[in-house]
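K.L.:
Following this message is one structure expressed as structure tokens.
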Amino acid sequence: DSGVTQTPKHLITATGQRVTLRCSPRSGDLSVYWYQQSLDQGLQFLIQYYNGEERAKGNILERFSAQQFPDLHSELNLSSLELGDSALYFCASSKGTVNTEAFFGQGTRLTVV
Amino acid sequence: QKEVEQDPGPLSVPEGAIVSLNCTYSNSAFQYFMWYRQYSRKGPELLMYTYSSGNKEDGRFTAQVDKSSKYISLFIRDSQPSDSATYLCAMSAAGGTSYGKLTFGQGTILTVHP
């Protein structure tokens with residue numbers, strides 16, 4: 001167990017809907033990272049938050065947004081969902097801003113039907 | 001062309017074999033190199049992390065980085081059935097917000113037969 005908690009584990013929703021994925025980082029970690037893993041694209045970095053502030057941005061669609069709250073948990077919001085958004089979404093956390101020792105959660109499997 | 005290329009395999013070896021996993025990359029700004037192991041339906045787990053060129057050893061695992069060739073390797077000695085997993089290489093540049101952005105290879109599926 002990495003100490004990073006993601007909920008829910010599985011999510012099935014229809015196209016056009018909006019969902020929220022939640023991540024609780026390890027105790028003491030200030031950075032949260034979101035990744036998307038799909039069969040065709042592999043594991044792709046979406047966004048990083050550090051102590052409540054957006055730190056780095058990757059290939060995150062405009063339909064997706066994230067935030068990190070004062071208690072350091074983070075949420076990833078996915079809206080206007082398309083079939084192609086079906087993927088595993090991982091959250092990772094680390095103490096500082098460097099991603100060399102980040103710990104990953106178990107992921108949320110999103111299926112858009 | 002992807003920034004990081006990794007042969008997806010699958011790779012199948014007998015128990016006790018030496019396994020060699022490799023990645024090539026095109027971005028010369030990459031300074032941090034990592035190997036992750038991912039079991040089915042689980043999150044990636046960090047195995048090794050190397051800064052710049054050189055070798056690093058941890059038990060049965062050895063990571064090598066050759067920046068001149070833009071080539072990194074992970075060697076697993078005395079492979080065990082429990083090593084069966086997908087192995088992902090990952091890299092990031094240094095400085096500012098680059099520290100947070102990891103670029104992953106596609107992953108190599110490894111099976112170690114008893």
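The values are calculated or read from the model by the stated rules, or taken from the named source; none is laboratory data. This is a predicted model, so every value here is computed, not measured. Cβ sites come from the backbone with ideal geometry, for glycine too, and all protein chains shown count toward neighbours. Ligands, DNA and RNA are excluded from the accessible area calculation, which covers all protein heavy atoms including side chains. Shrake-Rupley method; radii C 1.70, N 1.55, O 1.52, S 1.80 Å.
K.L.:
Suppose we filter segment A:1-21 for residues that are in a strand (DSSP E or B) and among the hydrophobic types (A, V, I, L, M, F, W, C); how many remain?
P.N.:
So the count comes out to 4.
K.L.:
Would you kindly identify the strands (runs of 3 or more DSSP E) lying entirely within segment B:1-52 that contain at least 2 residues that are touching a helix residue (DSSP H, G or I) at 6+ places or on another chain (Cβ under 8 Å)?
P.N.:
Working: elements: B:4-6, B:11-14, B:19-25, B:30-38, B:45-51.
Once the strands (runs of 3 or more DSSP E) in segment B:1-52 are filtered for at least 2 residues that are touching a helix residue (DSSP H, G or I) at 6+ places or on another chain (Cβ under 8 Å), what remains is B:30-38, B:45-51.
K.L.:
Would you be able to say whether some residue in segment B:68-91 is within 8 Å of chain A (Cβ to nearest Cβ), assigned to a loop (DSSP other than H, G, I, E, B) and over 16 Å from B:TYR32 (Cβ atoms)?
P.N.:
no
K.L.:
May I pose another question? Look through B:LEU47, B:LEU74 and report the one residue that is under 21 Å from A:ASN99 (Cβ atoms), among the hydrophobic types (A, V, I, L, M, F, W, C) and open to solvent by 10 Å² or more (accessible area, probe 1.4 Å).
P.N.:
Numbers: B:LEU74 fails: open to solvent by 10 Å² or more (accessible area, probe 1.4 Å).
Just one listed residue meets the conditions, B:LEU47.
K.L.:
Could you tell me which of the residues A:SER2, A:SER31, A:SER24 is in contact with a strand residue (DSSP E or B) (Cβ under 7 Å, 6 or more places away or on another chain), under 25 Å from B:GLY95 (Cβ atoms) and either open to solvent by less than 70 Å² (accessible area, probe 1.4 Å) or at pLDDT below 95 (or both)?
P.N.:
Numbers: A:SER2 fails: under 25 Å from B:GLY95 (Cβ atoms); A:SER24 fails: under 25 Å from B:GLY95 (Cβ atoms).
A:SER31 is the lone residue from the list that is in contact with a strand residue (DSSP E or B) (Cβ under 7 Å, 6 or more places away or on another chain), under 25 Å from B:GLY95 (Cβ atoms) and either open to solvent by less than 70 Å² (accessible area, probe 1.4 Å) or at pLDDT below 95 (or both).
K.L.:
Identify the single condition in (1) away from every other protein chain (no Cβ under 14 Å); (2) basic (Lys, Arg); (3) open to solvent by less than 60 Å² (accessible area, probe 1.4 Å) that B:ARG60 does not satisfy, given that it satisfies every other one.
P.N.:
(3)
Residue-by-condition table, conditions (1) of a type outside the set (Asp, Glu); (2) assigned to a helix (DSSP H, G or I); (3) in contact (Cβ under 8 Å) with a residue 40 or more places away in the chain; (4) within 9 Å of chain B (Cβ to nearest Cβ):
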position: A:CYS23; (1), (2), (3), (4): yes, no, yes, no
position: A:ASP29; (1), (2), (3), (4): no, no, yes, no
position: A:GLN36; (1), (2), (3), (4): yes, no, yes, no
position: A:ASP40; (1), (2), (3), (4): no, no, no, no
position: A:LEU43; (1), (2), (3), (4): yes, no, yes, yes
position: A:GLU54; (1), (2), (3), (4): no, no, no, no
position: A:ILE60; (1), (2), (3), (4): yes, no, no, no
position: A:LEU72; (1), (2), (3), (4): yes, no, yes, no
position: A:ALA92; (1), (2), (3), (4): yes, no, yes, yes
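K.L.:
Could I ask something else about it? Can you tell me how many residues within segment A:98-113 are closer than 22 Å to B:LYS101 by Cβ and open to solvent by 30 Å² or more (accessible area, probe 1.4 Å)?
P.N.:
3
K.L.:
Condition first: acidic (Asp, Glu) and open to solvent by less than 60 Å² (accessible area, probe 1.4 Å). Can you find one or more residues in segment B:83-98 that meet it?
P.N.:
yes
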